[in-house]
Amino acid sequence: MSMRFGRVIHFVGLILVLAFTLFPFFWMVTSSLKDQSDLLASPPVWLFTPTLDHYREIFEDPKIISSVMHSLIIATSTTLLAIVLGAPAAYALARFEFRGKSDLWFWFISNRMISPIVLALPVYLLAQTLGLLDTHLVLILIYLTFNLPIVVWICTDQFRSIPSELEQAARLDGASQFLIFWRIYLPLGVPGIAVSAIFSFIFSWNELLYALVLTRRAVQTAPVAATSFMSGYELPWGKIMATGTVIVLPVTIFALLVSRHMVRGLTMGATK
Amino acid sequence: MSAASPTPSKPAGRLNPGYGRWTPALFLAPAVLALLVIGIYPTIFALVTSFRRYNITRPRDGFPFIGIENYQKVLSDQTFWDTLGLTFRFFLTVMPFQIFLGIVIALLLHKPGLGLVRTLARVSLVVPLATTYAVVGLIGRLVFNGNFGVANQMLGWFGIPGFDWLATTNGAFAAIAIMDIWQWTPFCALIFLAGLSMVPVEVEEAARLETSSKVALLRHVQLPYLLPGLTAVLILRSADVLKLFDMIFTMTRGGPGTATELISIYIQRVGFRVFDMGTASAQAILLLILTIMLSRLYIRVFYREIQ
């Protein structure tokens with residue numbers, strides 16, 4: 001009897017967890033499918049005739065299409081760059097012994113905690129001087145401040161799990177250090193590289209502050225575009241929520257792929 | 001166990017390293033140089049700017065060095081202290097909810113049985129964490145709308161009259177806190193869940209046989225495994241709250257008045273809406289010092305055992 005009761009409580013609890021985590025997402029998606037009169041209904045309606053008008057509207061809006069393209073270009077480039085720069089460093093941290101190694105390690109991961117506003121001010125002034133404002137390049141580079149640490153951190157872990165016997169055997173065969181990295185560590189490290197790439201992509205895709213400050217019209221990213229509808233007397237809620245859905249849906253799918261690694265990616269080593 | 005040493009490995013080949021002295025440097029150089037250029041150089045530039053009068057709307061005045069005047073101005077600026085205080089209050093508001101709900105969710109997910117629903121619930125935790133922070137703010141603005149917001153409808157179900165959340169000081173503060181609790185409770189739950197899974201199975205099963213009291217089980221068996229996660233949550237979340245910008249910017253822009261103006265929002269306003277870069281840089285440097293202290297604390301707590 002009490003067993004049964006406990007099971008019911010457990011079930012209800014889990015359903016509540018689902019309701020809690022999914023509700024805002026659910027509300028965004030349903031709102032994107034409501035017409036304007038349903039959107040402005042008071043009290044809000046839960047059952048309505050869905051419409052795809054808002055999606056039609058945003059897919060015909062060149063501003064939104066191009067902002068999604070800019071976000072794609074920036075997030076992909078910064079992720080690739082972070083891996084090209086970060087994976088060799090991770091290999092060095094995983095397999096070499098040298099002075100100051102732990103300090104270097106801390107310096108890498110402590111970048112995660114720095115508030116973007118600290119760097120946004122000087123980078124704005126520097127980019128202005130160099131003529132880099134409103135370019136893809138400035139965002140691709142500045143996003144490395146959080147992507148590089150995450151690639152280094154996750155890949156170091158991954159490379160450490162590769163048996164060092166493989167490396168020793170290759171060295172006996174006369175392989176150079178670079179060849180060992182290229183032929184052994186990179187192929188065997190693919191899972192870690194993939195996970196860190198997905199994290200880099202998600203963080204870059206989601207970023208607002210740097211994008212807001214460092215770009216204007218030419219390189220407006222998707223979150224900035226979504227934010228830009230928030231002016232005027234009557235807000236186009238359907239359009240805003242449809243844009244929100246288009247931005248959030250792909251990264252949610254990515255995140256589900258790495259859900260098992262989510263804690264690691266976000267804590268950078270607090271729990272293991 | 002918590003404690004996550006980043007160097008669990010035995011040093012590979014300490015006696016005969018088998019690589020040249022400069023090999024590590026070659027592999028490290030690209031990443032280190034990149035971080036020096038994009039991280040350290042701008043920080044130094046901000047430090048220099050913080051000692052100048054630097055208003056970019058008045059370039060004709062030049063940007064003269066004025067010593068520590070900006071710092072004196074910031075430290076005697078009541079709004080700066082108010083926003084720091086508000087940031088701290090925000091942290092104290094959201095943390096109890098995130099810790100309590102996080103532990104409850106972790107316990108629900110840890111308890112055996114109900115495989116499918118449990119898996120679905122665990123996977124669903126990823127959704128808030130992946131949602132673009134700026135979009136979270138946009139959703140919040142719709143949900144907490146005074147006329148057609150679903151928050152007021154839900155209050156109505158419990159017979160509580162609705163109000164215009166984002167137009168009142170306390171309402172707006174509560175609204176951003178609720179959205180933050182929604183987004184970051186799953187993070188806490190995942191950390192606590194990782195802690196619970198560290199409890200040795202035999203110990204937990206033996207304890208379940210000894211006592212039927214869930215509270216006793218939690219207190220004597222599971223709690224010790226939750227504590228390291230708790231420290232991690234407190235330190236990481238405090239760093240996050242100092243960074244918090246996107247969600248508040250899209251939801252309230254710090255308003256009404258300065259009701260939701262946390263530290264990052266305030267510095268952004270001084271730098272990019274007032275264009276007083278000198279003062280904003282001084283504020284940013286002070287924020288950086290606070291963050292460095294936090295990250296030192298974090299490292300001290302979690303990486304103690306390494307050399």
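Could you tell me whether any residue of the stretch A:125-135 is among the acidic types (Asp, Glu), modelled with pLDDT under 95 and either in a helix (DSSP H, G or I) or within 23 Å of the chain's Cα centre (by Cα) (or both)?
So far as the stretch A:125-135 goes, yes, one or more of its residues are among the acidic types (Asp, Glu), modelled with pLDDT under 95 and either in a helix (DSSP H, G or I) or within 23 Å of the chain's Cα centre (by Cα) (or both).
What do you reckon, is A:Ala120 facing another protein chain (nearest Cβ under 8 Å), more than 20 Å from the chain's Cα centre (by Cα) and buried (at least 21 other Cβ atoms within 10 Å of the Cβ)?
no
Scan the stretch B:77-103 for residues that are of a type in the set (Phe, Trp, Tyr) and open to solvent by 40 Å² or more (accessible area, probe 1.4 Å) and jot them down.
The answer is B:Trp81, B:Phe88, B:Phe97, B:Phe100.
Hey, can you tell me all the residues within the stretch A:199-228 that are surrounded by fewer than 19 Cβ atoms within 10 Å (Cβ to Cβ) and over 20 Å from B:Gln268 (Cα atoms)?
Hit for the stretch A:199-228 is A:Ala218, nothing else.
From the set of residues in the stretch B:33-61 that are under 15 Å from A:Ala82 (Cβ atoms) and at the interface with another protein chain (Cβ under 7 Å from one of its Cβ atoms), which is farthest from the chain's Cα centre (by Cα)?
B:Ala34
Which residues, taken from the stretch A:190-237, are of a type in the set (S, T, N, Q) and touching a helix residue (DSSP H, G or I) at 6+ places or on another chain (Cβ under 9 Å)?
The answer is A:Ser196, A:Ser200, A:Ser204, A:Asn206, A:Thr215, A:Gln220, A:Thr221, A:Thr227, A:Ser228.
Since B:Gly195 meets every condition but one in (1) of a type in the set (Gly, Ala, Ser); (2) within 10 Å of another protein chain (Cβ to nearest Cβ); (3) within 30 Å of A:Ile117 (Cα to Cα), which condition does it not meet?
Here B:Gly195 clears every test but (3).
Yes or no: B:Arg122 in contact (Cβ under 8 Å) with a residue 24 or more places away in the chain, more than 30 Å from B:Gly257 (Cβ to Cβ) and open to solvent by 10 Å² or more (accessible area, probe 1.4 Å)?
It is true that B:Arg122 is in contact (Cβ under 8 Å) with a residue 24 or more places away in the chain, more than 30 Å from B:Gly257 (Cβ to Cβ) and open to solvent by 10 Å² or more (accessible area, probe 1.4 Å).
Of the numbered conditions (1) open to solvent by less than 60 Å² (accessible area, probe 1.4 Å); (2) touching a Gly at 6+ places or on another chain (Cβ under 6 Å), B:Asp164 fails exactly one; give the number of that condition.
All conditions are met except number (1).
Does A:Val12 satisfy being touching a residue at least 24 places away in the same chain (Cβ under 8 Å), open to solvent by 10 Å² or more (accessible area, probe 1.4 Å) and out of contact with any Lys or Arg (no Cβ under 6 Å at 6 or more places or on another chain)?
no
Would you check which residues across the stretch A:126-177 are at the interface with chain B (Cβ under 9 Å from one of its Cβ atoms), touching a residue at least 40 places away in the same chain (Cβ under 8 Å) and polar (S, T, N, Q) and list them?
A:Thr156, A:Ser164 - these are the residues of the stretch A:126-177 that are at the interface with chain B (Cβ under 9 Å from one of its Cβ atoms), touching a residue at least 40 places away in the same chain (Cβ under 8 Å) and polar (S, T, N, Q).
Please name all residue pairs, on different chains or six or more residues apart, with Cβ atoms under 6 Å, provided the first residue is in the stretch A:73-85 and is farther than 10 Å from B:Ala31 by Cα and the second residue is aromatic (Phe, Trp, Tyr) and surrounded by 20 or more Cβ atoms within 10 Å (Cβ to Cβ).
These pairs meet every condition: A:Ala75/A:Phe201; A:Ala75/A:Trp205; A:Thr78/A:Tyr143; A:Thr79/A:Phe201.
Scan the stretch B:208-228 and give yes if some residue there is open to solvent by 10 Å² or more (accessible area, probe 1.4 Å), under 30 Å from A:Ile240 (Cα atoms), within 14 Å of chain A (Cβ to nearest Cβ) and of a type in the set (A, V, I, L, M, F, W, C), otherwise no.
Checked against the condition, which is being open to solvent by 10 Å² or more (accessible area, probe 1.4 Å), under 30 Å from A:Ile240 (Cα atoms), within 14 Å of chain A (Cβ to nearest Cβ) and of a type in the set (A, V, I, L, M, F, W, C), the stretch B:208-228 yields no hits at all.
Take the residues of the stretch B:253-298 that are aromatic (Phe, Trp, Tyr) and either in contact with a Ser or Thr (Cβ under 9 Å, 6 or more places away or on another chain) or more than 9 Å from chain A (Cβ to nearest Cβ) (or both): which is surrounded by the fewest Cβ atoms within 10 Å (Cβ to Cβ)?
Only one residue fits best here, namely B:Phe275.
With the structure loaded, tell me whether B:Thr250 is among the β-branched types (Val, Ile, Thr), part of a helix (DSSP H, G or I), open to solvent by less than 50 Å² (accessible area, probe 1.4 Å) and touching a Leu at 6+ places or on another chain (Cβ under 6 Å) or whether it fails that test.
yes
Within the stretch A:31-60, how many residues turn out to be facing chain B (nearest Cβ under 10 Å) and of a type in the set (S, T, N, Q)?
Result for the stretch A:31-60: 2.
The values are calculated or read from the model by the stated rules, or taken from the named source; none is laboratory data. Note that the coordinates shown come from a computational prediction; the quantities given were computed from them, not determined experimentally. When we count neighbours, we look across all protein chains shown, and the Cβ atoms used for this are built from the backbone with ideal geometry, even at glycine. Protein only, heavy atoms only, side chains kept; ligands, DNA and RNA dropped before computing areas. Shrake-Rupley method; radii C 1.70, N 1.55, O 1.52, S 1.80 Å.
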